[in-house]
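The values are calculated or read from the model by the stated rules, or taken from the named source; none is laboratory data. Since we're looking at a predicted model, the values are computed, not measured. Cβ atoms come from the backbone with ideal geometry, glycine included; neighbour counts cover every protein chain shown.
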Amino acid sequence: MNNIGIAINPSKDKDNEILHMVIKKFREKFNFKDIAICSSFDIEKQDLKDIDLLVVLGGDGTLLGIARSLNDGFKAPILGINIGNLGFLSSVDISDLDNALKRLEEGKYKIVDRMMLNCKVEDNESKEELKALNDVVLARGTLSRMVKFKIFVDGKIYTTFKGDGLIIATPTGSTAYSFSAGGPFVYPDLELITITPICPHTKSMQTIVLKGDSIIEICADHEDEKIYLTVDGQKAIKVNHETKVNVSKNKKSVKLLLFDDYDYFKVLRSKILNNSKECDGEEF
């Protein structure tokens, strides 16, 4: 490992104290001379094609935004270090940095691929292509009425239902909005796509799990009602009546560096399940 980059969310480290501490520890452990430093806000402008590892300092939102912004030529794995709140997607919390660097030095880690989604949004006037690591959400505006959705899978009609919206999620995103809407947890190493309705008026409309190479087309009949498409809960665009939304597996996956002692179920319990019980006033 010769070249690394460090991308940080500046809003979470306004005085650069965490950044300087991380740089110092990496240089002490690996004797790096040059480390590429960049902001998570303009990662797409950086030339990172020659780095061997991208260290991301932030929370889940920071990692999601960076994963979408990296160009197709980027091949290095991402080491997520949580300095935010939840940190479900991160490899390690900042408090455990010393142990993480030791394991990195000893080679006690693995590289895993996480699938992403590709979303094509096209109407009579424009065409836009978006990427998502967690999910693509199509939902009504705050004061709008229910929307009628027609869903096609691989060119065949799946169902039509009325509701507030729907969530198309990757396994990585199955613990996010999809989970809140009643969708299942999907083990992150799998290549599957889930479609979960948001407040469906028809109770027979349930989550469906599809193979990863499925092509999903959504038509939304909303007349003059406001409806928005959102990727990873971060980038949103307004969808008009003529808009066609096509979602499929992205040809580019995200590579995450996870240490050998990483336990998905332990992270799931501590970050999601136990957190949910605390919100309900229960103890685990």
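Suppose we keep only residues that are among the charged types (D, E, K, R) and assigned to a loop (DSSP other than H, G, I, E, B) within segment 141-159. Which one would you say is farthest from PRO200 (Cα to Cα)?
ASP154
List the pairs whose first member sits in segment 43-64 and is in contact (Cβ under 8 Å) with a residue 60 or more places away in the chain and more than 24 Å from GLY233 (Cβ to Cβ), whose second member is assigned to a loop (DSSP other than H, G, I, E, B) and of a type outside the set (Val, Ile, Thr), and whose Cβ atoms are under 9 Å apart, counting only residues at least 6 apart or on separate chains?
LEU53/MET1; LEU53/ASN3; LEU53/ALA76; LEU53/PRO77
Take residues that are at negative phi and polar (S, T, N, Q) and tell me which of the helices (runs of 4 or more DSSP H) falling wholly in segment 171-284 contain 3 or more.
Values: elements: 177-180, 264-268, 274-279.
Result: 274-279.
(1) small (Gly, Ala, Ser); (2) closer than 30 Å to ASP263 by Cβ; (3) under 22 Å from the mean Cα position of the chain (by Cα): which one isn't true of ALA139, the others all being true?
(2)
Can you tell me which residue is farthest from the chain's Cα centre (by Cα) among those in segment 120-136 that are assigned to a strand (DSSP E or B) and among the aliphatic types (A, V, I, L, M)? Steps first, please.
Within segment 120-136, the first condition is being assigned to a strand (DSSP E or B), and the residues that meet it are 120-122, 127-132, 135-136.
Now narrow it down to the ones that are among the aliphatic types (A, V, I, L, M): 121, 130, 132, 136.
Numbers: VAL121: 19, LEU130: 13, ALA132: 6, VAL136: 10 Å.
In this case the residue turns out to be VAL121.
Exactly one condition in (1) farther than 22 Å from LEU268 by Cβ; (2) touching a residue at least 60 places away in the same chain (Cβ under 8 Å); (3) buried (at least 16 other Cβ atoms within 10 Å of the Cβ) is false for ILE168; which is it?
Going through (1) farther than 22 Å from LEU268 by Cβ; (2) touching a residue at least 60 places away in the same chain (Cβ under 8 Å); (3) buried (at least 16 other Cβ atoms within 10 Å of the Cβ) one by one, ILE168 breaks only (1).
Do you know which of the residues in segment 27-78 that are modelled with pLDDT of 80 or more and hydroxyl-bearing (Ser, Thr, Tyr) is farthest from LEU257 (Cα to Cα)?
SER69
Across segment 243-273, which residue is farthest from PRO184 (Cα to Cα) among those that are of a type in the set (Ser, Thr, Tyr) and surrounded by 15 or more Cβ atoms within 10 Å (Cβ to Cβ)?
Looking at residues that are of a type in the set (Ser, Thr, Tyr) and surrounded by 15 or more Cβ atoms within 10 Å (Cβ to Cβ), I get THR243.
Of all residues in segment 172-191, which are touching a Ser or Thr at 6+ places or on another chain (Cβ under 8 Å) and surrounded by 17 or more Cβ atoms within 10 Å (Cβ to Cβ)?
Passing the criteria: SER174, SER178, ALA181, GLY183, VAL186, PRO188.
Across segment 105-125, what is the total count of residues that are surrounded by 14 or more Cβ atoms within 10 Å (Cβ to Cβ) and in contact with a helix residue (DSSP H, G or I) (Cβ under 8 Å, 6 or more places away or on another chain)?
The total comes to 4.
Does SER95 qualify as being within 24 Å of PHE265 (Cβ to Cβ), modelled with pLDDT of 95 or more and either in contact with a Phe, Trp or Tyr (Cβ under 6 Å, 6 or more places away or on another chain) or surrounded by fewer than 23 Cβ atoms within 10 Å (Cβ to Cβ) (or both)? Step through it out loud before you land on a result.
On the way: within 24 Å of PHE265 (Cβ to Cβ): yes; modelled with pLDDT of 95 or more: no; either in contact with a Phe, Trp or Tyr (Cβ under 6 Å, 6 or more places away or on another chain) or surrounded by fewer than 23 Cβ atoms within 10 Å (Cβ to Cβ) (or both): yes.
In short, no.
Please work out which one of (1) over 17 Å from the mean Cα position of the chain (by Cα); (2) surrounded by fewer than 14 Cβ atoms within 10 Å (Cβ to Cβ) is the condition PHE32 fails and give its number.
Against the list (1) over 17 Å from the mean Cα position of the chain (by Cα); (2) surrounded by fewer than 14 Cβ atoms within 10 Å (Cβ to Cβ), PHE32 comes up short only on (2).
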